[in-house]
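Trainee: Before anything else, here's the structure in question.
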Amino acid sequence: MKRQFRDDFPLLKEHSSLAYCDNAATAQKPQYVIDCVDQFCRKENAPVHRGIYTLAETATVLYERARENVRAFLNAEDISEIVFTHGATESLNTIAAGWARYNLKAGDEVVVTEMEHHANLVPWQRLEKEIGVVLKFIPITEEGDLDYAAVDTVITPRTKVVSVTGGSNVIGIDIHLDRIAKRAHEVGAVFIVDAAQSAPRSRIDVRAIGCDCLVIAPHKLMAPTGVGAFYVNKKLHETFEPLMVGGSMVLSVDWHDSIWRPVPQRLEAGTPAIAQVVGLGAAIEYINQNVDFDWVAEFEAELCRRVVDGLLPLNQVRILGPIEKLRSEGHLVSFSVEGMHSHDVAAFLDSRGIAVRAGHHCAQPLHNKLGVPNSVRASFYIYNSIEDAERLVKAMQELLGV
Ligand code: PMP
């Protein structure tokens, strides 16, 4: 497996001195993905699942090949278990408003963690208001790790859905899903994983995890933006209502009634993001051919270790999350700086050629719980370098006059 990735990314060649450390927001795109999308738009573009002509059949084959790539990537059993949407947020909304909305009732419990991205929190809040489900949280410890000791008590026989992140986009550590899956299965709850942050850096196996739904964020996997994908176990297909209705998802339509297609088409109303889906298929091919996930985990942890060790001596800096875990298995580092807004810190880092995220990273309640309104986040991927981590530390030393 290769290790020198930067050359594969035209944007990083264009901005040759940029340390791009905002990969938890979105990843850069390799030439291979750009070429596949370009070729599709130039030579293969046509509607899918509709045309009778050769070009439309070719487009359909390419679209469905991408679905097969996602199926194999997640180790789903059947290709019908992969649904394309327009993003991770839409996927989570589809699950909450399309499945849970119709299969839960007042008093049923939905359990999430205190680490969730808003995309895996707000859709459940809506169900709390609309149908009276009870939203409960697996807390974090004082140190900022998930409180696994609380799992068995927070999840109860009244729990019907457990929906948790696979890895936090603020506290850069992965979640031990097995501990949560075990309890979710014990009580017969539907188990949903938001793998937006974890799928780019760990080999996902939906059958080994034992989840009913799993959501990825393709643009964080080097695919284009505007496409989403999620896994939904066949056993939920019949009880799944579409979030959107209209063309493509119907078998037949009368003036007052329609019959829907089975999942996945039922959940893919309208013309899909065809070129972007093809780009997702290409991104998975690029990963399969070039990326060793064990190496990614080790490499990112090494970068986190450098950042953590470099920032720890700076008195004004507070690192969010469990320090030792971040050093050994981290994939990003978030920190706040006493007396400085994260936007000002990020602007300074930008002036030194380092791109980081500043704000609450779509996890406002988590920031409140940690006692900081916002933070700076440095998140890495395969094309980052040790030098990027060192530059970040140096720039922070410079900012704080050390
Ligand atoms: N969940 C997590 C953990 C994320 O990191 C993100 C994206 N930052 C999302 C959900 C939402 O993804 P998107 O914005 O692509 O819909």
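Since every read-out is calculated from the coordinates, none of them should be taken as a lab result. What you see is a predicted model, and the numbers here were worked out from it, not measured in a lab. In this analysis, Cβ positions are derived from the backbone assuming ideal geometry, glycine residues included, and neighbour counts consider all displayed protein chains.
Trainee: Need the C-alpha centroid separation for the range 214-235 versus the range 98-113, integer Å.
Mentor: If we compute the Cα centre of each part, the gap is 22 Å.
Trainee: Kindly work out what percent of the DSSP beta bridges joining two residues of the chain are antiparallel, to the nearest 5. Could you put the intermediate results ahead of the total?
Mentor: Details: 24 of 43 bridges.
Roughly 55 percent of the beta bridges in the chain run antiparallel, per DSSP.
Trainee: On a 0 to 90 degree scale, rounded to 10, what angle separates helix 177-187 from the longest Cα axis of the chain?
Mentor: 40
Trainee: So what does the Cα-only Debye profile of the range 99-156 read at q = 0.12 Å⁻¹, as log10 I(q)/I(0), no solvent term?
Mentor: Each listed q maps to, in turn, -0.30.
Trainee: Next question, about the same structure. What order do you get for 293-299, 267-273, 23-29, 111-117 when each peptide is scored by the mean count of other beta carbon atoms within 10 Å, highest first? Please list the in-between numbers first.
Mentor: Values: 293-299: 15.1, 267-273: 19.0, 23-29: 21.6, 111-117: 24.6.
Put in order of decreasing packing, that is 111-117, 23-29, 267-273, 293-299.
Trainee: Please give the peptides 125-138, 374-387, 235-248 ranked by average Cβ packing (other Cβ atoms within 10 Å per residue), highest first, as a rough proxy for protection. Write down the numbers at each step before the final one.
Mentor: On the way: 125-138: 16.2, 374-387: 22.6, 235-248: 14.6.
Descending packing order for the listed peptides: 374-387, 125-138, 235-248.
Trainee: Could you state the number of Å between the C-alpha centres of the range 335-373 and the range 1-78?
Mentor: Centre-to-centre distance over Cα atoms comes out at 31 Å.
Trainee: Taking neighbour counts of Cβ atoms within 10 Å as a proxy for exposure, in what order, fewest first, do Val193, Val154 appear? Could the numbers behind the result be given before it?
Mentor: Details: Val193 30, Val154 19.
Exposure proxy ranking, most exposed first: Val154, Val193.
Trainee: Modelled label-to-label distance, Val402 and Ser17, 7 Å Cα→beta-carbon offset: nm?
Mentor: Placing both labels 7 Å along Cα→Cβ, they lie 2.4 nm apart.
Trainee: Pop a pseudo-label 7 angstrom from the Cα along the beta-carbon direction at both Asn368 and Thr271 and give the gap in nm to one decimal.
Mentor: Result: 4.2 nm between the two label points.
Trainee: Rounded to the nearest 0.05, what FRET efficiency do His256 and His86 have when you use their Cβ-Cβ distance and R0 = 30 Å?
Mentor: Details: r = 29 Å, r/R0 = 0.97.
For R0 = 30 Å, the calculated efficiency reads 0.55.
Trainee: Suppose we take every Cα in the chain and form the convex hull; what volume per residue is that in Å³?
Mentor: Taking the convex hull of the Cα positions in the chain, it is 139 Å³ per residue.
Trainee: Please identify which residues in the range 97-125 have an amide N closer than 17 Å to a label point set 7 Å out from the Cα of Lys182, following the Cα→Cβ vector.
Mentor: none
Trainee: Let me ask something additional. Find how much the distance from Leu312 to Arg3 grows on full extension, using 0.36 nm per residue of separation minus their present alpha carbon separation; answer in nm with one decimal. Please report the intermediate quantities before stating the final value.
Mentor: Details: separation 309, 0.36 × 309 = 111.24 nm, distance 2.86 nm.
In short, 108.4 nm is gained.
Trainee: Could you grab the relative contact order for the chain? Cα pairs under 8 Å, six or more apart, rounded to a whole percent.
Mentor: Numbers: 802 pairs, mean separation 87.8, N = 402.
Over the chain, the number comes to 22 percent.
Trainee: Summing +1 for each Lys or Arg and -1 for each Asp or Glu, what net charge is found among the other residues whose Cβ lies under 15 Å from the Cβ of His15?
Mentor: Numbers: positive: Arg6, Lys13, Lys29, Arg352, Arg391; negative: Asp7, Asp8, Glu14, Asp22, Asp350, Glu387, Asp388.
Summing Lys/Arg as +1 and Asp/Glu as -1 gives -2.
Trainee: In the chain, if the dipole is taken from +1 on Lys/Arg beta carbons and -1 on Asp/Glu beta carbons about the Cα centre, which of Phe40, Val215, Ala184 is farthest to the positive end?
Mentor: The residue sitting most towards the positive pole is Phe40.
Trainee: Calculated FRET efficiency, Tyr102 and Ile79, Cβ-Cβ r, R0 30 Å, to nearest 0.05? Can you show the working numbers first?
Mentor: Details: r = 24 Å, r/R0 = 0.81.
Result of the calculation: an efficiency of 0.80.
Trainee: Work out the FRET efficiency for Asn45 and His341 from their Cβ-Cβ distance, taking R0 = 41 Å, and round it to the nearest 0.05. Please report the intermediate quantities before stating the final value.
Mentor: Numbers: r = 45 Å, r/R0 = 1.10.
Efficiency, rounded to the nearest 0.05: 0.35.
Trainee: Need the full-extension length gain, Leu55 to Glu130, defined as separation in residues times 0.36 nm minus the C-alpha distance. One decimal, nm. Present the calculation step by step, with values, prior to reporting the outcome.
Mentor: On the way: separation 75, 0.36 × 75 = 27.00 nm, distance 4.51 nm.
Taking 0.36 nm per residue and subtracting the Cα distance, the gain is 22.5 nm.
Trainee: Another question about this same structure. About its Cα centre, what dipole magnitude does the chain give when the only charges are +1 on Lys and Arg Cβ and -1 on Asp and Glu Cβ, stated in debye to the nearest 20? Write out the running numbers ahead of the final one.
Mentor: Working: 40 positive and 52 negative charges, 62 e Å.
Computed about the Cα centre, the dipole is about 300 debye.
Trainee: Just add up the charged neighbours of Ile284: K/R +1, D/E -1, any other residue whose Cβ is under 11 Å from the Cβ of Ile284.
Mentor: Values: positive: Arg65, Arg67, Arg71; negative: Glu68, Glu285.
Net charge around Ile284: +1.
Trainee: Distance between Cα centroids, the range 264-287 to the range 141-203: provide it in whole Å.
Mentor: The range 264-287 and the range 141-203 have Cα centres spaced 27 Å from each other.
Trainee: Just want the ordering: Val232, Val206, from fewest to most Cβ atoms lying within 10 Å of their own Cβ. Intermediate values should be presented prior to the final figure.
Mentor: Working: Val232 28, Val206 23.
Ranking Val232, Val206 by Cβ neighbours within 10 Å, fewest first, gives Val206, Val232.
Trainee: Among Asp108, Asp205, rank each residue by its count of other Cβ atoms within 10 Å, from fewest to most, as a rough exposure measure. If you can, show how the numbers build up before the last one.
Mentor: Numbers: Asp108 18, Asp205 14.
Final ranking by Cβ density, sparse to dense: Asp205, Asp108.
Trainee: Now, a different point. Over 21 Å between Cα atoms, which of Lys136/Lys325; Lys129/Lys235; Lys182/Lys235 qualify? Walk me through the intermediate numbers first.
Mentor: Working: Lys136/Lys325 26 Å; Lys129/Lys235 27 Å; Lys182/Lys235 19 Å.
The pairs that break the limit, which is 21 Å between Cα atoms, are Lys136/Lys325; Lys129/Lys235.
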